[in-house]
Amino acid sequence: MSDKETMLVQKISDGTVIDHVSAGKSLSVLRLLSNPQNRGVTVALVMNVGSSKMGRKDIVKMEGVELTDEQVQKLALIAPLATVVTIRSFRVTQKKNAVPPKVVTGILNCTSTTCISVKEKESVQSIFSLAGSSPLSYKCKFCGRILSEQEISAQLG
Amino acid sequence: MSRDAWSGKDVLSILDFSRQDLEQLFAVADDFVERPDSVEKSLSDRIVATAFFEPSTRTRLSFSTAAIKLGAKVIDLSPEASSVMKGESLPDTIRMLESYSDLIVMRHPSEGAALLASEVGRVPIVNGGDGSQHHPSQAMLDLFTIKRLKGRIDGLRYAVLGDVRYARSATSFLYGLSKYSPRVVYLVSPEGLRIKSEVKATLDGFNLETQQVEDIEKVLDKVDVVYMTRIQKERFPDPNEYERVKGSYKITKSTLANAKDAIVMHPLPRTGELAYDVDSLPNAAYMEQARMGVPVRMALLHLVLGDRKR
């Protein structure tokens, strides 16, 4: 982030900054990362700011929260270019790029109405494997249906 | 897969088997056809369960016949008269069936049902058709029939006619062909029933190229095998569209006038797309194809479950 951007929101002492979120996706990122443990934490969103890398981007700051590797992988489903920065005592201690997980279990839903994974009676957990990184796509283990990046974003947004 | 690729394994998709595995199956099936008196009762202490959650004639009966010929006992789950009607889940039904049997042959309307069953059950699951893609034993008997009638599978010219989108027999046949080297594969289907993108991607991965053509008459004199499927009226959002196109995908004696020695295959049942006047032509291979269901399924059961000497 540039100094100009940091002026928009106060610096955090401990927590996580998620940079390079596609413009307009920060609310989806928050929804994806929300869980009972981080209820009540201070969150700042910077939306639609200029980026030399992306044109426009969003930034998410979460005070007192550090993301697990699993959460960073999940994040890649809607923000495949995201950078996750861990802050401790106002210092950057770690920077990670979001990398799409090879297998996604129980998060995405198959769009085929004849797939066994969408039959309510069967209570099957969906399982998708990474089919492509750019653009992002995932393949249903049960029927082979491919979910496109747009479909993934629509499901998680 | 190796020499013992079949023993104790699930049979979910023909894609899971190598060409070598299929040739092994065909060799055993050939033996059953040529030397029916020498069939060993290799399943004499076994129980085979059939569980068909969708109607079936040939698949269910030929699997039952195959099992009985090998000496097995057959038990049948009739979903309409069982706990399935009370809302029992597929995993629970499979767990129950596997405690009564040594192998389960199943059919289900949902894609991935056989895979789910295989993850739940300890006994081998044989997919008798699930969803619109996989019907491995049908594809195996289709290829076996071609091999017997034409002497080879490689180098031939194929036309797959009708519903290439939802007909599991057509998709499985194409998956089976991907293990071989056909000279050309034409797909002849109406716009709404063309090959699914994910199926096309799978075939591309195996370097099986297909060519979409509009009219069967244009390729009939250029093919060795015509593989037909039913075109079901309910697949068309507009019934008028069905009425308009159905005639284009019909094979009659007169359509076959230019077909030379192409064989006509059909997984059956037929509902008008294959005229009865074709039955008397030397091109008609579908009854032989149906007949081959028993030896191929015998070979499959023997290799998966049998106490083998072959």
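The values are calculated or read from the model by the stated rules, or taken from the named source; none is laboratory data. Computed from a predicted structure; not experimentally measured. All Cβ positions, glycine included, derive from the backbone under ideal geometry; neighbour counts span all protein chains shown. Please note that ligands, DNA and RNA were not included when accessible areas were found on the heavy atoms of the full protein model with its side chains. Shrake-Rupley method; radii C 1.70, N 1.55, O 1.52, S 1.80 Å.
Points to keep in mind about this one:
- Scanning the range A:69-111 for residues that are open to solvent by 70 Å² or more (accessible area, probe 1.4 Å) and over 24 Å from A:A131 (Cβ atoms) yields A:R88, A:S89, A:F90, A:R91, A:V92, A:T93, A:Q94, A:K95.
- Index of the failed condition, B:V304 passing every other in (1) closer than 25 Å to B:F32 by Cα; (2) open to solvent by 20 Å² or more (accessible area, probe 1.4 Å); (3) of a type in the set (A, V, I, L, M): (2)
- Inspection of the range B:223-233 identifies at least one residue that is modelled with pLDDT under 90 and crowded, with 20+ Cβ neighbours inside 10 Å.
- Taking the range A:69-157 as the region of interest, the strands (runs of 3 or more DSSP E) fully inside it that hold 3 or more residues being more than 12 Å from chain B (Cβ to nearest Cβ) and farther than 30 Å from B:S172 by Cα are A:83-88, A:91-97.
- Among residues of the range B:276-310, those that are in contact with a Phe, Trp or Tyr (Cβ under 7 Å, 6 or more places away or on another chain) and not in a loop (DSSP other than H, G, I, E, B), counted: 7
- Residues that are touching an Asp or Glu at 6+ places or on another chain (Cβ under 9 Å) and among the aliphatic types (A, V, I, L, M), drawn from the range B:262-295: B:A262, B:I263, B:M265, B:M287, B:M292
- Restricting A:L27, A:L45 to residues that are open to solvent by 40 Å² or more (accessible area, probe 1.4 Å), in contact with a helix residue (DSSP H, G or I) (Cβ under 6 Å, 6 or more places away or on another chain) and either under 18 Å from A:L156 (Cβ atoms) or not aliphatic (A, V, I, L, M) (or both) narrows the list to A:L45.
- Neighbours by Cβ (under 9 Å, 6+ apart or cross-chain): first from the range B:236-253, within 20 Å of B:L187 (Cβ to Cβ); second among the hydroxyl-bearing types (S, T, Y) and part of a helix (DSSP H, G or I): B:F236/B:Y242
The rows are residues; the columns are (1) farther than 16 Å from B:L305 by Cβ; (2) more than 24 Å from the chain's Cα centre (by Cα); (3) of a type outside the set (F, W, Y).
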| residue | (1), (2), (3) |
| --- | --- |
| B:A72 | no, no, yes |
| B:M85 | yes, yes, yes |
| B:L97 | no, no, yes |
| B:S110 | yes, no, yes |
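- Among the residues of the range B:242-280, the one identified as surrounded by fewer than 13 Cβ atoms within 10 Å (Cβ to Cβ) and hydrophobic (A, V, I, L, M, F, W, C) is B:A257.
- Members of the range B:195-213 found to be more than 14 Å from chain A (Cβ to nearest Cβ) and either in contact with a Lys or Arg (Cβ under 6 Å, 6 or more places away or on another chain) or of a type in the set (A, V, I, L, M) (or both), listed by number: B:L208, B:V213
- When B:L220 is tested against (1) surrounded by 21 or more Cβ atoms within 10 Å (Cβ to Cβ); (2) under 30 Å from B:F32 (Cβ atoms), exactly one condition is not met: (2).
- Of all residues making up the range B:208-242, the number that are in a strand (DSSP E or B) and among the β-branched types (V, I, T): 3
- Condition met for A:V124 (free of Cβ contacts under 8 Å to residues at least 12 places away in the same chain, of a type in the set (V, I, T) and on the phi < 0 side of the Ramachandran plot): no
- Odd one out for A:G40, checked against (1) in a loop (DSSP other than H, G, I, E, B); (2) crowded, with 16+ Cβ neighbours inside 10 Å: (2)
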